[in-house]
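Visitor: Here it is: the structure, laid out below.
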2 protein chains.
Amino acid sequence: MIERPYLIFLGDVPDALAAKTAYGIVDWRRDWCLGQLRLPGCKADTGLADMSIGEAAAAGARTFIIGAVNPGGRLPEHWVETVVEAIEAGMDVASGLHVRLASFTAIREAAERKGAKLHDARHANQTFSPGTGSKRPGKRLLTVGTDCSVGKKYAALAIDRELSQRGVASQFCATGQTGVMIAGRGIAIDAVVADFISGAAEWLSPATDPANWQIVEGQGSLFHPSFAGVSLGLLHGAQPDAFVICHEPTRKTMRNVEAPIASIDAVIEQTQRLGSLTNPAIRPAGICINTSALEAAAAEDCLAETAERYGLPACDPIRTGVAPIVDHLLAEFR
Amino acid sequence: MIERPYLIFLGDVPDALAAKTAYGIVDWRRDWCLGQLRLPGCKADTGLADMSIGEAAAAGARTFIIGAVNPGGRLPEHWVETVVEAIEAGMDVASGLHVRLASFTAIREAAERKGAKLHDARHANQTFSPGTGSKRPGKRLLTVGTDCSVGKKYAALAIDRELSQRGVASQFCATGQTGVMIAGRGIAIDAVVADFISGAAEWLSPATDPANWQIVEGQGSLFHPSFAGVSLGLLHGAQPDAFVICHEPTRKTMRNVEAPIASIDAVIEQTQRLGSLTNPAIRPAGICINTSALEAAAAEDCLAETAERYGLPACDPIRTGVAPIVDHLLAEFR
């Protein structure tokens, strides 16, 4: 559990993309953010008020969030001083970088001195039990993909928000490091020891009130040769009643491998077949298309054709919102 | 790589079952074993010559193998002195226990002093790349199960031995701690970080001569709700041409969970469907039945009926050997 409110640290990143985590948090959890801290030369701006560490601490900031990402997952040495200053001012620190915060001596020592928590969202420090496969109360939805990085996290966040806005009890269950930073809790499921994938997914979405919806962020794809094992363990552990297929219509091959992208048909059939092991009632509830590469008219056509073809609501979480999927969910999954 | 020859340590285990790893090594790799070391009160006997540490060291023993297993995976405190003595005599140490050897200060310090390697076969200390799914040269066979603990390791070892005895180039690829101890190399695939399951399987069974057979030890079952993710990642990474289904005919429910055991039909269909992602030519090559709970006549009937029903050779690796499966493999997978 990451304590809030947050002070979002952008460092001196060269562009907005390098602060993707920060933007994700601000997009979905603006209420939790007091302000942003930028070093000289920073080229990103989330729109939050700029604050010094002293100002943020005085305003009650509990956690210093490293909102930057980079390909190697490294923490630049010249950021360490600022992280230490935040700890000295009484904040915990959370990072989605690959490197562990405690691997920096100055950060580790400051945290020990002040009793601060260091959250490495990309690492799983908890121990889990193996999954049991036993059915538990509560309703669950999992987002699944025709590939990695097709919008499963945003789809889940959008559905959770839409349910909450309609007064339906709902929680977003984060399974990746950015999701964990956005949700303030969760588990980077691909960092769990293989034996405990489904057990970690069960821990993440425990028994709840029967009318409650847990919206579980999907990972990878059942058709991705690198990550299908993670996707299957998550599917078995989440035991979803409903799944939403996420797709990027202009992509032709799977990310980073030679395999072709899976079809929506294949994903529906495979998810239902494999998911039925732990929830025989599993069925699709909608399709989320990332239409960002399409013009407005083409996007509209794509969504209409997809909805028609599959007999399911089809939305773009960013462009159109997910109201039709939530309508369907509330009408058909009582 | 675990250096050989081995001195097999049985401690003072209360019965043969508590020395399962030792028996496995002696069953399959007797040539690698110089002798056994038993403490007073030991109730197990692998049949190897009893040797002191001094005698084994003088005879050239390179690795002290802890051949005992126990439910908690612990190393009894009163064994530590003997482990240290073996290190002082110049041996490496290998263990399939859950506890890490280096977590005992006396063992860690002795190993540092002598430059001895400590092999914790249950842990994966290497780093891997994500799987690529790209097809690589060489022939591969994977054993798969209708449940956990149905004889996948013994089936793979028996097929490897039969191939080798016929002069066919073949290697057993170990994926569990006992298999690693038997093979002297390999990886406990369920201990790998989830993101790298298929990558670890690719590392374990790399590109080889096109006529060479790698016989990969299976793990779990595609139908086991705790471990199916591991089984799928292993299937995708191993990209087998052939698979052998392993089954225990008297078992009704999956180990440790409430799910029913899978049928042989379902395992064939699912393995072929999911395995085709990384090897479209995947097909079954035989069935291994663990008939140890059956009388001789019933076992014979069971094997004959299974072979007839599926049109595949059916064997018990222990009771009948696997010659018919290897005949089929060599005739049908050229």
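Visitor: Could you please give the count of residues in the range A:146-189 that are more than 12 Å from the chain's Cα centre (by Cα) and within 14 Å of another protein chain (Cβ to nearest Cβ)?
Guide: Here the count works out to 3.
Visitor: Could you please give the count of residues in the range A:266-283 that are surrounded by fewer than 16 Cβ atoms within 10 Å (Cβ to Cβ), of a type in the set (A, V, I, L, M), under 20 Å from A:Ser134 (Cβ atoms) and within 13 Å of another protein chain (Cβ to nearest Cβ)?
Guide: Here the count works out to 0.
Visitor: I would also like to ask the following. Looking at the range B:122-145, which of its residues are more than 12 Å from chain A (Cβ to nearest Cβ), among the polar types (S, T, N, Q) and in a loop (DSSP other than H, G, I, E, B)?
Guide: Selection gives B:Asn125, B:Gln126.
Visitor: Restricting to the range A:244-297, name every residue that is free of Cβ contacts under 8 Å to residues at least 40 places away in the same chain, under 15 Å from A:Ile318 (Cα atoms) and small (Gly, Ala, Ser).
Guide: A:Ser292, A:Ala296 - these are the residues of the range A:244-297 that are free of Cβ contacts under 8 Å to residues at least 40 places away in the same chain, under 15 Å from A:Ile318 (Cα atoms) and small (Gly, Ala, Ser).
Visitor: Let me ask something else. If you go through the range A:284-319, how many residues are surrounded by fewer than 18 Cβ atoms within 10 Å (Cβ to Cβ) and either under 22 Å from the mean Cα position of the chain (by Cα) or assigned to a helix (DSSP H, G or I) (or both)?
Guide: 15
Visitor: Still on this structure, I have one more. Suppose we filter B:Leu34, B:Leu97 for residues that are closer than 22 Å to B:Thr175 by Cα, within 26 Å of the chain's Cα centre (by Cα) and free of Cβ contacts under 8 Å to residues at least 40 places away in the same chain; which single one remains?
Guide: B:Leu97
Visitor: Just need a number here: residues in the range B:146-157 that are polar (S, T, N, Q) and either in a strand (DSSP E or B) or closer than 23 Å to B:Ala94 by Cβ (or both).
Guide: The qualifying residues number 1.
Visitor: Next question, about the same structure. When residues of the range B:158-179 are filtered for being assigned to a strand (DSSP E or B) and small (Gly, Ala, Ser), how many remain?
Guide: 1
Visitor: Strands (runs of 3 or more DSSP E) wholly in the range B:2-120 with at least 2 residues that are of a type in the set (Gly, Ala, Ser) and either outside the structural domain of B:Ile182 (by TED's automatic domain parsing) or under 19 Å from B:Val180 (Cβ atoms) (or both) - which ones?
Guide: Once the strands (runs of 3 or more DSSP E) in the range B:2-120 are filtered for at least 2 residues that are of a type in the set (Gly, Ala, Ser) and either outside the structural domain of B:Ile182 (by TED's automatic domain parsing) or under 19 Å from B:Val180 (Cβ atoms) (or both), what remains is B:92-95.
Visitor: Can you name every residue in the range B:198-225 that is closer than 14 Å to B:Arg185 by Cα and either part of a loop (DSSP other than H, G, I, E, B) or more than 14 Å from chain A (Cβ to nearest Cβ) (or both)?
Guide: B:Ser205, B:Pro206, B:Gln214, B:Ile215, B:Val216, B:Glu217
Visitor: Something else: Could you grab the pairs with beta carbons closer than 9 Å, sequence gap of 6+ or different chains, first residue in the range B:298-327 and free of Cβ contacts under 8 Å to residues at least 12 places away in the same chain and on the phi < 0 side of the Ramachandran plot, second one assigned to a loop (DSSP other than H, G, I, E, B) and crowded, with 21+ Cβ neighbours inside 10 Å?
Guide: B:Ala298/B:Thr291; B:Glu300/B:Thr291
Visitor: Which one is surrounded by the most Cβ atoms within 10 Å (Cβ to Cβ), of the residues in the range B:228-265 that are part of a loop (DSSP other than H, G, I, E, B) and β-branched (Val, Ile, Thr)?
Guide: So, considering only residues that are part of a loop (DSSP other than H, G, I, E, B) and β-branched (Val, Ile, Thr), the one surrounded by the most Cβ atoms within 10 Å (Cβ to Cβ) is B:Ile261.
Visitor: What is the one condition in (1) at pLDDT 90 or above; (2) away from chain A (no Cβ under 14 Å); (3) under 25 Å from the mean Cα position of the chain (by Cα) that B:Ile107 does not satisfy?
Guide: Result: B:Ile107 passes all but (3).
Visitor: Also: From the residues in the range A:135-179 that are of a type in the set (S, T, N, Q) and modelled with pLDDT under 95, which one is surrounded by the fewest Cβ atoms within 10 Å (Cβ to Cβ)?
Guide: A:Ser149
Visitor: Filter the range A:244-258 down to the residues that are β-branched (Val, Ile, Thr) and touching a Pro at 6+ places or on another chain (Cβ under 8 Å), then identify the one that is farthest from A:Glu305 (Cα to Cα).
Guide: Only one residue tops the list, namely A:Val257.
Visitor: If the requirement is being among the polar types (S, T, N, Q) and over 30 Å from B:Ser231 (Cα atoms), which of these qualifies: B:Thr143, B:Thr127, B:Thr132, B:Thr105?
Guide: Matching residue, one of B:Thr143, B:Thr127, B:Thr132, B:Thr105: B:Thr105.
Visitor: Next question, about the same structure. Does the range A:250-261 contain any residue that is under 21 Å from B:Met254 (Cβ atoms), over 23 Å from the mean Cα position of the chain (by Cα) and either charged (D, E, K, R) or modelled with pLDDT of 95 or more (or both)?
Guide: no
Visitor: Would you mention how many residues in the range B:202-227 are surrounded by fewer than 24 Cβ atoms within 10 Å (Cβ to Cβ) and of a type in the set (D, E, K, R)?
Guide: The total comes to 1.
Visitor: On the basis of being over 29 Å from B:Glu55 (Cβ atoms) and not charged (D, E, K, R), does B:Ala169 make the cut?
Guide: It is true that B:Ala169 is over 29 Å from B:Glu55 (Cβ atoms) and not charged (D, E, K, R).
Visitor: Next up: Filter the range B:229-261 down to the residues that are at the interface with chain A (Cβ under 10 Å from one of its Cβ atoms), more than 28 Å from B:Trp203 (Cβ to Cβ) and in contact with a Gly (Cβ under 9 Å, 6 or more places away or on another chain) and list them by number.
Guide: B:Met254, B:Val257, B:Glu258, B:Ala259
Visitor: Just one of (1) of a type in the set (Val, Ile, Thr); (2) out of contact with any strand residue (DSSP E or B) (no Cβ under 6 Å at 6 or more places or on another chain); (3) crowded, with 20+ Cβ neighbours inside 10 Å trips up B:Ile66, so point out which.
Guide: Evaluating B:Ile66 over (1) of a type in the set (Val, Ile, Thr); (2) out of contact with any strand residue (DSSP E or B) (no Cβ under 6 Å at 6 or more places or on another chain); (3) crowded, with 20+ Cβ neighbours inside 10 Å leaves (2) as the failure.
Results for (1) modelled with pLDDT of 95 or more; (2) out of contact with any strand residue (DSSP E or B) (no Cβ under 8 Å at 6 or more places or on another chain); (3) under 30 Å from B:Val257 (Cβ atoms), shown as yes or no for each residue.
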{"residue": "A:Ile268", "(1), (2), (3)": "yes, no, yes"}
{"residue": "A:Leu277", "(1), (2), (3)": "yes, yes, yes"}
{"residue": "A:Gly286", "(1), (2), (3)": "yes, no, no"}
{"residue": "A:Glu295", "(1), (2), (3)": "yes, yes, no"}
{"residue": "A:Ala298", "(1), (2), (3)": "yes, yes, no"}
{"residue": "A:Glu308", "(1), (2), (3)": "yes, yes, no"}
{"residue": "A:Ala314", "(1), (2), (3)": "yes, no, no"}
{"residue": "A:Thr320", "(1), (2), (3)": "yes, yes, no"}
{"residue": "A:Ile325", "(1), (2), (3)": "yes, no, no"}
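Visitor: Only residues that are under 23 Å from A:Gly220 (Cα atoms) and not aliphatic (A, V, I, L, M): list them for the range B:177-217, please.
Guide: B:Asp190, B:Asp195, B:Phe196, B:Ser198, B:Gly199, B:Glu202, B:Trp203
The values are calculated or read from the model by the stated rules, or taken from the named source; none is laboratory data. Quantities reported herein were computed from a predicted structural model and do not represent experimental measurements. Every residue, glycine among them, receives a Cβ derived from its backbone with ideal geometry; neighbour counts consider all protein chains shown.
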